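Report on the structure given below.
The values are calculated or read from the model by the stated rules, or taken from the named source; none is laboratory data. Just so you know, these numbers come straight off a predicted model, no measurement behind them. We place every Cβ from the backbone using ideal geometry, glycine too, and count neighbours over all the protein chains shown.
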Ligand code: HAM
């Protein structure tokens with residue numbers, strides 16, 4: 001990455017954070033558009049929350065012993081001693097906003113969507129950054145109907161289809177509820193008592209046992225193979241809930257894989273958890289699940305909810321690797337050329353009026369020679385040149401030149417916008 005030099009110090013962007021350069025903007029624009037279009041098509045409302053939240057929100061919501069809260073939050077020091085953090089994810093913020101703004105009083109469920117950056121102080125590597133963008137969808141309120149789990153998955157699936165990432169594979173599991181999870185946790189701990197997992201997993205077994213299931217250490221991968229499966233320990237309500245979710249996915253003809261090890265890194269989940277993958281990508285493009293206890297943990301009455309977030313940089317990496325090209329914004333077909341001081345003086349307001357009338361114009365007002373302006377017009381592939389010289393400036397007119405045929409016509413400035421719209 002090229003660096004910005006000031007005297008001696010070479011300034012670069014912060015580790016794990018990146019600029020989104022103009023050449024990547026068409027892809028980012030596509031991501032923003034797909035987020036907006038899908039949000040609107042599925043009747044979701046857009047929500048934006050602050051980048052900065054109280055640390056307590058994530059300690060209570062995501063879980064004080066989760067990796068995100070224990071190791072990855074960017075803490076801010078303020079002079080008045082507030083414990084603030086850069087948001088490491090959106091869901092807890094959206095839940096806070098739902099409670100704070102009384103969204104339980106409008107028709108339920110409330111469907112919300114969002115897009116923006118989040119911050120996690122992780123070790124940067126391929127597809128893992130410290131600042132990255134998420135787009136997400138949350139369905140909050142109503143009851144814990146499995147149709148909403150399936151609808152959340154449908155939204156994510158559709159998003160990835162629209163981004164042309166290739167065949168989408170859903171990994172899915174159920175991690176049960178307050179009733180059945182403690183039994184499973186005990187079974188898991190009993191099984192691990194006779195094993196020798198890595199040091200981190202020994203600690204996990206004491207504070208957050210389910211997390212041993214997503215350990216990637218070699219010795220733990222082997223141990224996991226013999227571990228009891230959560231699905232065998234679900235209570236009848238959770239079993240039924242999960243069966244219905246899968247039946248909806250079957251109806252939708254989605255490809256999914258039951259993954260006993262999928263527990264996810266955030267503590268607020270209950271019942272359905274899922275992640276999206278595609279061929280050629282080892283890391284999840286997105287993930288989410290049901291979180292029926294989160295709002296209660298944040299102080300509200302119980303509000304069942306389900307949602308997911310997608311990692312936009314990871315989706316972009318797949319899109320780029322597949323060589324998919326999305327159309328960039330069309331280049332202007334009209335190039336404005338000024339000749340002489342008087343014309344230049346009048347040019348800025350003239351171009352401004354054209355733009356406000358809906359004519360997409362390019363110019364190079366910083367260049368005064370005709371030759372250099374024509375060369376910029378040529379590179380941009382303009383179809384028409386508007387030539388505004390000293391005489392035209394006096395006569396309140398302008399020359400429209402068709403750059404392909406060389407044909408020219410002089411029109412009054414008052415008629416210019418109309419004349420151009422006819423030609424374009
Ligand atoms: P998450 O699994 O932590 O879930 O993040 C969602 C997605 O963000 C991941 O699947 C991945 O694509 C991307 N991601 C995560 N960490 C990084 C990173 N360091 N660098 C680049 N991309 C990353 C959540 O954040 C939940 N809030 C999802 C959710 C919404 N659950 C319910 N509603």
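For beta carbons closer than 8 Å, sequence separation of 6+ or different chains, a first residue in the stretch 374-397 that is exposed (fewer than 15 other Cβ atoms within 10 Å of the Cβ) and a second that is in a helix (DSSP H, G or I), the qualifying pairs are 390/342; 390/343; 394/342; 396/413; 396/414.
Of the residues 70, 59, 40, which single one is more than 10 Å from the ligand (Cβ to nearest atom), part of a helix (DSSP H, G or I), surrounded by fewer than 15 Cβ atoms within 10 Å (Cβ to Cβ) and modelled with pLDDT under 95? The unique qualifying residue is 70.
Yes or no, residue by residue, for (1) at pLDDT 90 or above; (2) in a helix (DSSP H, G or I); (3) over 30 Å from residue 37 (Cβ atoms):
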| position | (1), (2), (3) |
| --- | --- |
| 171 | yes, no, no |
| 176 | yes, no, yes |
| 188 | yes, yes, yes |
| 191 | yes, yes, yes |
| 201 | yes, yes, yes |
| 205 | yes, yes, yes |
| 210 | yes, yes, yes |
| 223 | yes, yes, yes |
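Only a single item in (1) under 16 Å from the mean Cα position of the chain (by Cα); (2) surrounded by fewer than 18 Cβ atoms within 10 Å (Cβ to Cβ); (3) within 30 Å of residue 201 (Cα to Cα) is not met by residue 91, and it is number (2). Each residue in the stretch 138-167 was checked for being under 27 Å from residue 300 (Cα atoms) and either at pLDDT below 95 or outside any helix (DSSP H, G or I) (or both), and 8 pass. Return a yes/no flag: does the stretch 266-276 have any residue that is surrounded by fewer than 21 Cβ atoms within 10 Å (Cβ to Cβ), within 24 Å of the chain's Cα centre (by Cα) and within 16 Å of the ligand (Cβ to nearest atom). No, there is no match, as no residue in the stretch 266-276 is surrounded by fewer than 21 Cβ atoms within 10 Å (Cβ to Cβ), within 24 Å of the chain's Cα centre (by Cα) and within 16 Å of the ligand (Cβ to nearest atom).
The numbered conditions (1) assigned to a strand (DSSP E or B); (2) at positive phi are all true for residue 275 except (2). Whether a residue is farther than 19 Å from residue 299 by Cβ, crowded, with 17+ Cβ neighbours inside 10 Å, out of contact with any helix residue (DSSP H, G or I) (no Cβ under 6 Å at 6 or more places or on another chain) and touching a residue at least 12 places away in the same chain (Cβ under 8 Å) was assessed, and residue 119 passes this test.
Any residue at all in the stretch 307-324 that's away from the ligand (no atom under 14 Å from the Cβ), within 30 Å of residue 385 (Cβ to Cβ) and either buried (at least 18 other Cβ atoms within 10 Å of the Cβ) or under 18 Å from the mean Cα position of the chain (by Cα) (or both)?
no
For the stretch 232-246, the criterion of being touching a helix residue (DSSP H, G or I) at 6+ places or on another chain (Cβ under 7 Å), assigned to a helix (DSSP H, G or I) and either within 16 Å of the ligand (Cβ to nearest atom) or under 12 Å from residue 172 (Cβ atoms) (or both) is met by at least one residue.
Restricting attention to the stretch 88-110, the residues that are within 12 Å of the ligand (Cβ to nearest atom) and either in a strand (DSSP E or B) or more than 15 Å from residue 307 (Cβ to Cβ) (or both) total 1.
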